[in-house]
Amino acid sequence: MYLLKFCGGMLLVICGTFCGIYASRTVLNRLKFFEQYLIFLTTVQTAVSYAAMSAKELLKISVSQNLLSPVLDKALNYLESGDAFETAWRKAFSAKETALLVSKEDRELIYTFGDHFGTGDINGETEKIKMNIVLVQQRLKELRENTSSKRKIYRILGMFAGVVITVLIC
């Protein structure tokens, strides 16, 4: 009987630890997502200023990042189905796949890129992209400062929750 309680308790602690690891992983994925988004913006800035590419071409050449590529694929599909770039951009980033990667504030920051993209001349576009790059760099700085401490806290809280549940049940 005691062995069964011990094994059940250990399973609860292990499950709590895995939940903490999962939560910690989502924080890390958010950081990686913004790093990839910054690379995307830099690529777009270069492509716009030197090659004057269209929005469809920009989305096609920028689909090489792990976490960002599904969203960019979606935006490209919406764009090819006839939506305006702003609408396609908002639809792609408001999908449930990005809900774990970005918060509401992050999503508003990402929406600013899609707002009126492709409506100005090359100089205007590059200035808007530079502004977005600066904003994303600031967000990345905040995320980097908070990521390591949050990841540790989530892992410890997960294990602690498993221990507490085990003590309460047994």
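No value in this document is a laboratory result; all are computed from the given coordinates. Computed from a predicted model, the values in this text were never measured in an experiment. Cβ coordinates were reconstructed from backbone atoms using ideal geometry, including for glycine residues, and neighbour counts include every protein chain displayed.
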Note to self: Can you compute the charge dipole magnitude of the range 9-169 about its Cα centre, using +1 on each Lys and Arg Cβ and -1 on each Asp and Glu Cβ, nothing else charged? Give it in debye, rounded to the nearest 20.
What the structure shows: 780 debye
Check: Listed here are the pairs Lys74/Lys128; Lys32/Lys104; Lys60/Lys130; Lys104/Lys128; which of them are more than 19 Å apart at the Cα?
Finding: Lys74/Lys128; Lys60/Lys130; Lys104/Lys128
Next item on the list: Could you give the spread of the C-alpha atoms of the range 5-94 along their three principal axes, from largest to smallest, in whole angstroms?
Entry: 66, 26, 16
Margin query: Restricted to Cα positions, what overall size does the range 17-170 have along the principal axes? Three whole-Å values, descending.
Written below: 67, 31, 23
